[in-house]
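What follows is a single structure, written as structure tokens, with notes after it.
The values are calculated or read from the model by the stated rules, or taken from the named source; none is laboratory data. Note that the coordinates shown come from a computational prediction; the quantities given were computed from them, not determined experimentally. Glycine also receives a Cβ, built like all others from the backbone with ideal geometry; neighbour counts cover every protein chain displayed.
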Amino acid sequence: MPPAVTAAGVARWAELLRTAEEGGAEPLRGITVAVVGMGYVGLPTALGLWGAGATVLGVDVSEQRLRDIRTGNVDLLPSQHAALACTESTGDFLLTTDADALREADAVIICVPTPVTEDYEPDLRALSGACAAVVERTVPGQLLVLTSTSHVGTTRELLLAPLTARGLTVEQDVLVAFAPERIDPGNERHTPENTPRVVGGAGPLSCRATAFLLRATASRIHEVPDPETAEMAKLWENIFRAVNIALANELADACAHLNLAPVPVIEAAATKPYGFMPFFPGPGAGGHCIPCDPYYLLGRLPAGGRSAPVLRTAMTALRERPAQVTAQAADLLGADGIGLDGARILVLGVAYKPGVSDVRESPALRLLGLLADQGADVHYSDGHVPSLTVAGRELRSEPQPEHALWDLVIVHTAHPGADLDWLDGAPRVLDTRHRFRSPIPTVTR
């Protein structure tokens, strides 16, 4: 392992830039990068940096997560699984729970979760703890890059101010930047290396060094004047998606009232080559971004008056979507004289999106809970998620669901390659994605 960074200030990075920008097949060879947080963002980031020639130190508080990485029991694209397998015998892709290893790195990239609480308040505990651990161990000459989505001002509050309090001068002793992650788990079209990356440095050298570090892991780098601009850009991206998903759900319900299938309507609208981007309806919004990130802006805005009313309304609508699906299920069963109480209901797919095992913030969790609260005998089938706990009851995935067993099948997530032909024999199907059946029934209550 290379020795700790001890060169005088950031002059070492300026020299690295001058040398490396001359080109080379592996631009990061000789550079050690520590990745703090080896989750759905940190692991692909680490693999991309390793592929560009860097020595990687993967640091995570969870020994179980590191064991899962070592055994390959993680959500990755096939190409990323292949890269992970190649790291096993190289000696330059190291995993540890020891934060003191950060002192050995030339650059430190922070990739920890930023969820929300049950009351939809930003939960900064993991990020604050990670940044504090990094600042405590920062060595002069290091480059620190924050990637976790958070409120505007986070980089300044959690990195720049504490570093200054330690007596370190940014752009002279250390370099700091914010470069928001852009990871789309399970999507082979939008791999990190095919996706542009935004970089906002605390100064010109910070920006140049971060752009150089990440250039080999992205299709291109878009530099912005400061960390705050990059932080707001990330929030804007996901707020745009949240509002449009909520709108797609609303318009899909309008289509149902008009006895129209929404997907053909969306596909027709999408033929317009300008001013339109297709968003499709569903059971809500899950995962690490859409249900959480907008609250990192709302949490910094006054609650009263006209403080982002469109966004607040959209987020409320997304939260309430599983309840609307529950009402639609009741109507569909009620049309045949069946009540929710005692009805055998199968939810097909519980991961928040196709192709992954991640159930964080998945609408399926609330949907299953709401159905169970009303007395339904709930089950689920998802080959990516072997077990779940719902309303204190442990459920296991139904391996080969048969249509005759269920009063109602609710299609929540259809994984790639899943055989859905058996749905043709199911007596009732509520397709929350509007992909397999005719429009869902109008909610009349």
Quiz item: Within the stretch 372-403, restricting attention to residues that are touching a Ser or Thr at 6+ places or on another chain (Cβ under 8 Å) and of a type in the set (S, T, Y), which residue is nearest to V347 (Cα to Cα)?
Solution: Y380
Exercise. Just one of (1) on the phi > 0 side of the Ramachandran plot; (2) out of contact with any Phe, Trp or Tyr (no Cβ under 7 Å at 6 or more places or on another chain) trips up P302, so point out which.
Key: (1)
Practice problem: Any residue in the stretch 363-387 that's without any contact (Cβ under 8 Å) to a residue 40 or more places away in the chain: show its pairings with residues that are basic (K, R) at Cβ separation under 7 Å, as long as the two are six or more apart or on different chains. | Solution: D377/R344; P386/R396; S387/R396
Practice problem: Please tell me if A252 is under 27 Å from P309 (Cα atoms), in contact with a helix residue (DSSP H, G or I) (Cβ under 8 Å, 6 or more places away or on another chain), aliphatic (A, V, I, L, M) and free of Cβ contacts under 8 Å to residues at least 60 places away in the same chain. | Solution: no
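Return yes when A404 is surrounded by fewer than 17 Cβ atoms within 10 Å (Cβ to Cβ), farther than 26 Å from G425 by Cα, hydrophobic (A, V, I, L, M, F, W, C) and in the same structural domain as G425 (by TED's automatic domain parsing) and no when it is not.
For A404, the condition - surrounded by fewer than 17 Cβ atoms within 10 Å (Cβ to Cβ), farther than 26 Å from G425 by Cα, hydrophobic (A, V, I, L, M, F, W, C) and in the same structural domain as G425 (by TED's automatic domain parsing) - is not met.
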Self-check item: Residue count, the stretch 173-189 (criterion: more than 13 Å from the chain's Cα centre (by Cα) and either of a type outside the set (F, W, Y) or closer than 21 Å to G51 by Cα (or both))
Solution: 8
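Could you pull out the residue among S148, S89, S128, S79 that is crowded, with 17+ Cβ neighbours inside 10 Å and either farther than 23 Å from C292 by Cβ or in contact with a helix residue (DSSP H, G or I) (Cβ under 7 Å, 6 or more places away or on another chain) (or both)?
S148
Residues V33, V10, V59: which one is modelled with pLDDT under 95, surrounded by 23 or more Cβ atoms within 10 Å (Cβ to Cβ), in contact with a helix residue (DSSP H, G or I) (Cβ under 7 Å, 6 or more places away or on another chain) and of a type in the set (V, I, T)? Show your work before the answer.
Details: V33 fails: modelled with pLDDT under 95; V59 fails: modelled with pLDDT under 95.
Testing whether each residue is modelled with pLDDT under 95, surrounded by 23 or more Cβ atoms within 10 Å (Cβ to Cβ), in contact with a helix residue (DSSP H, G or I) (Cβ under 7 Å, 6 or more places away or on another chain) and of a type in the set (V, I, T) leaves just V10.
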Practice problem: Considering only the stretch 404-425, state which residues are more than 15 Å from V350 (Cα to Cα) and touching a strand residue (DSSP E or B) at 6+ places or on another chain (Cβ under 7 Å). | Solution: L405, W406, D407, L408, L423
Quiz prompt | Test: residue in the stretch 276-296 that is in a helix (DSSP H, G or I), under 30 Å from Y40 (Cα atoms) and either aromatic (F, W, Y) or out of contact with any Pro (no Cβ under 8 Å at 6 or more places or on another chain) (or both) | solution = yes
Exercise. Kindly indicate whether any position in the stretch 256-273 is touching a Phe, Trp or Tyr at 6+ places or on another chain (Cβ under 8 Å) and not in a helix (DSSP H, G or I).
Key: yes
Quiz item: For the subset of the stretch 319-354 comprising residues that are over 18 Å from R428 (Cα atoms) and basic (K, R), which member is surrounded by the fewest Cβ atoms within 10 Å (Cβ to Cβ)?
Solution: R319
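Identify, from the list N244, N249, the residue that is polar (S, T, N, Q), modelled with pLDDT of 95 or more and buried (at least 20 other Cβ atoms within 10 Å of the Cβ).
Numbers: N244 fails: buried (at least 20 other Cβ atoms within 10 Å of the Cβ).
Going through N244, N249 in turn, just one is polar (S, T, N, Q), modelled with pLDDT of 95 or more and buried (at least 20 other Cβ atoms within 10 Å of the Cβ): N249.
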Practice problem: Considering (1) within 18 Å of D119 (Cα to Cα); (2) surrounded by 11 or more Cβ atoms within 10 Å (Cβ to Cβ); (3) not polar (S, T, N, Q), say which one I266 fails and leave the rest. | Solution: (1)
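I want to confirm something. Restricting to the stretch 110-125 and keeping residues that are hydrophobic (A, V, I, L, M, F, W, C) and part of a strand (DSSP E or B), which single residue is surrounded by the fewest Cβ atoms within 10 Å (Cβ to Cβ)? So that I can check it myself, show each step before the final result.
Residues of the stretch 110-125 hydrophobic (A, V, I, L, M, F, W, C): 110-112, 116, 124.
Filter once more, so that each one left must be part of a strand (DSSP E or B): 110, 116.
Details: I110: 25, V116: 17.
So the residue we want is V116.
Look through E188, E181, E136 and report the one residue that is in contact with a helix residue (DSSP H, G or I) (Cβ under 9 Å, 6 or more places away or on another chain), in a helix (DSSP H, G or I), acidic (D, E) and in the same structural domain as L47 (by TED's automatic domain parsing).
Numbers: E188 fails: in a helix (DSSP H, G or I); E181 fails: in a helix (DSSP H, G or I).
Exactly one residue qualifies, and that residue is E136.
Considering every residue within the stretch 226-236, establish whether at least one is small (G, A, S), closer than 30 Å to L143 by Cβ and out of contact with any Gly (no Cβ under 7 Å at 6 or more places or on another chain).
For the stretch 226-236, residues small (G, A, S), closer than 30 Å to L143 by Cβ and out of contact with any Gly (no Cβ under 7 Å at 6 or more places or on another chain): present.
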